[in-house]
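Right, one structure below, let's go through it.
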Amino acid sequence: MLQDEQQTTSRSLAGLPRLVKVLSPLESMGDRRDLAHAVAAWILDTVAVGCRVHLAEQDSWRTVVDMGGLEPPEHEIVSRVIDSGRPEIVTVTTSDVSWVVLPLKGNEASLGALSVAIEGPAEQIEGASLRDLGRVAAGLASAIIEATAHERANQISQTLQKSLLPPALSVGSWFDLAARYVPGTADLRIGGDWYDSQLMTDGTVALAVGDVAGHGVEAAAQMGELRTAMAALRMVRSGPDDLISVVHRLTSELGYFATAVCVRLDPTGNLLWASAGHLPPLVAHEDGQAELLETHQSPPLGTGYTGLVPMNRYRLDSGDTLLLYTDGLIERRDVGLDTSLEQLVDRISGRTWTSTTELVDEVIRNCDQSDYTGDDIAVLAARWNDQDLTARRFRPSR
């Protein structure tokens, strides 16, 4: 009994001024529902025995929070408060609880309603307490407006990001490609990571993965500019090393920092690549082994480098899969780069991959989210299939 009395005392209207003070600097906590749940939990812990949040959606409203397990206020009352913008108090005689139903007001339209259940009759809710509850509702409404704007900005930025990435990957009879882009946790969920592929007139397929430093619209715009420039330069530059050399000069003039790796794969399995400060390519062999390719590289783009760009060479076996990626895939807090790369090799080793799609999905899914740095991720996988070898393998004996 004493415990119940203590709980009732801790959840009293006397706690309203403290709650208003806590909620006054409230900032967005993700989407509207997450925000409503957080605020309702504070209210329930401080002054109330029940709390409900109703959010308007188009021409109706929906209950997104229901805490306390109490008989709710009548549907008509909640609707009337949402429509009128004026609070109402109603006592539920069966449970000796009074519901204070407060409007959540937006700039031009109602956002919904906040219902707070207080023990006792409505008469105990004085004017000062009602004003304080109104301030709580106003703080929640303001945060919901901010969260809604944040959600819309996320949608716009993700649409922009998708428009800057290639709409489709190249298709060929002797190779299979798959790619994934995962947005980071920056405010606008948009960054400078990209991937690209292009069929060349000499019969090879060109691949590229890169990372422009920074996040936000500026980094995405620079990424789009760099990806487009590299796609155009491939048509007039003979090899990845020559391409990277030109892009070094270009980025120095434009004034931004990036890493990139450019690859050419031909129908016989020959691999050529040049890297500007980027992470080394990885090969997943058909027998389940995996290895990082030793890479000689130039400094990152935008550093003013004017020297020679090393060319790297490797010969794939039929069924081998090349994996290109950005640092968001491997970087983890308090883990060194070499260790992170070894962990990536370990994740890929020991099993065979039925497709490039399976491989990229698995490496993304197996990221340790507890140590995730919040950076965006771009991954591109290319499997080479020796058609002549396949034909010899399955040619019936005479």
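Structure notes:
- Estimated FRET transfer efficiency (Thr306, Asp334; beta-carbon r; R0 51 Å; 0.05): 0.90
- Within segment 166-394, the proportion of Cα pairs with more than 22 Å between them is 49 percent.
- Calculated FRET efficiency for the pair Arg80/Arg131, C-beta based, R₀ 22 Å, to 0.05: 0.60
- Pairs of Cα atoms nearer than 8 Å and 6+ residues apart set the relative contact order; for segment 166-394 it is 26 percent.
- Annotation for Val90 and Ser173: the two label points, set 7 Å from Cα along the Cα-Cβ direction, are 7.3 nm apart.
- Packing here is the average count of other Cβ atoms within 10 Å per residue, and on that basis the peptides 329-341, 133-145, highest first, run 133-145, 329-341.
- Computed from the C-beta positions of Leu199 and Asp31, the FRET efficiency with R₀ = 51 Å rounds to 0.80.
- The gain in end-to-end length when the Ser252 to Glu218 segment is fully stretched comes to 10.6 nm, 0.36 nm per residue minus the alpha carbon separation.
Quick note: the coordinates plus some simple rules give every number you see, no bench work behind them. The model shown is predicted, which means the values in this text are computed figures rather than measured ones. Every residue, glycine among them, receives a Cβ derived from its backbone with ideal geometry; neighbour counts consider all protein chains shown.
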